[in-house]
Amino acid sequence: MKMNKELSPEQRESLLNVLKARFDKNMDRHKGIKWSDVATRLETNTEKLWSLDAMEETGGEPDVVGFDKSTGEYIFYDCATESPKGRRSICYDHHALESRKEHKPGHSAVGMAAEMGIDILTEAQYRELQQLGKFDLKTSSWVATPAAIRKLGGAVFCDRRYDTVFRYHNGAESYYAARGFRGLLRV
């Protein structure tokens, strides 16, 4: 993961072009929101641009999915059809990663999200995303796990099968090639 949290002018321009093209292509995800307003907000939040770039680089295809009137923030979710490729084969959190004695994955969802400056979607947010399209038809995504479940060693993930969104559980230390996580960023 790149640690310099500043994009060059060329990187910023390239990312903004990608985000605008995605925004224009998927207007149903953000009805009533103007790209010019989003762009103005992005151009004054360079650290957030860095996080969006990290989301993009790991295959998340971030897009605007809402606007929080109380905070004035635009909300981006990972909108890739499947769980982001660059964030798969990871366990749930650092404690789970450390508890594995052998065959450790390279990272954890919670740790990677923190490094990227994003949050993992909650189950409710994941279900909101599924109202905007059909996601995770072949993959699954870790979601923020309630403390009571995590305390007992578990973690929660979701996917979409049979035109239904399912919630499952697994040991937090488990990892699979088809399971990653989806993030959220407020700008």
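Before moving on, here are some points about what is shown:
- Other residues whose C-beta falls under 12 angstrom from the C-beta of TYR74 contribute a net charge of +2, scoring Lys and Arg +1 and Asp and Glu -1.
- DSSP-defined antiparallel bridges as percent of all bridges, the chain, nearest 5: 85
- Charge dipole magnitude, Cβ of K and R +1, D and E -1 - the chain, Cα centre, debye nearest 20: 500
- Among the GluC sites (Glu not before Pro) in segment 23-103, those placed in a DSSP loop whose Cβ has at most 16 other Cβ atoms within 10 Å are GLU102.
- 222 nm mean residue ellipticity, helices alone, for the chain (DSSP H n ≥ 4; -39,500 (n - 2.57); rounded to 500): -10000 deg cm²/dmol
- Fraction of accessible area attributable to carbon and sulfur, the chain (%, probe 1.4 Å): 52
- Remark: segment 115-169 carries a charge dipole of roughly 220 debye about the Cα centre, counting +1 on each Lys and Arg Cβ and -1 on each Asp and Glu Cβ.
- Annotation: per residue accessible area for the chain equals 51 Å², rounded to a whole number [probe 1.4 Å, protein chains only].
- Anchor LYS69: lysines whose Cα lies under 16 Å away (excluding residues fewer than 8 positions away in-chain): LYS31, LYS34
- The simple Förster model, with R0 at 25 Å and r as the Cβ-Cβ distance, assigns ARG186 and GLU13 a FRET efficiency of 0.65.
- The accessible area of TYR176, taken with all protein chains in place and a 1.4 Å probe, comes to roughly 110 Å².
- Here the Debye sum runs over all C-alpha atoms of segment 79-187 as equal scatterers in vacuum, and log10 of I(q)/I(0) at q = 0.17, 0.20 Å⁻¹ comes out as -0.72, -1.01.
- For the chain, the relative contact order comes to 24 percent (Cα pairs under 8 Å, sequence separation of at least 6).
- Taking the Kirkwood radius as Rh and the Cα radius of gyration as Rg, the chain has a ratio of Rg/Rh equal to 0.97.
- Highest-fluctuation residue, ALA177, ALA148, ALA114 considered, GNM on the chain with Cα pairs under 10 Å: ALA148
- The GNM of the chain, with springs linking C-alpha atoms under 10 angstrom apart, assigns the highest mean-square fluctuation among GLY171, GLY106, GLY60 to GLY106.
- For LYS5, the solvent-accessible surface computed with a 1.4 Å probe is close to 80 Å², ligands and nucleic acids excluded.
- Here LYS104 is the anchor, and the lysines within straight C-alpha reach of less than 25 Å, apart from those fewer than 8 places off in the same chain, are LYS2, LYS85, LYS138, LYS151.
- Charge dipole magnitude, Cβ of K and R +1, D and E -1 - segment 8-50, Cα centre, debye nearest 20: 220
- If you take all other residues with their beta carbon under 13 Å from the beta carbon of LYS85, and give Lys and Arg +1 and Asp and Glu -1, the sum is -1.
The values are calculated or read from the model by the stated rules, or taken from the named source; none is laboratory data. Because the structure is predicted, anything quoted here is derived from the model rather than measured. Here the Cβ is made from the backbone with ideal geometry for all residues, glycine too, and neighbour counts use every protein chain on show. Protein only, heavy atoms only, side chains kept; ligands, DNA and RNA dropped before computing areas. Shrake-Rupley method; radii C 1.70, N 1.55, O 1.52, S 1.80 Å.
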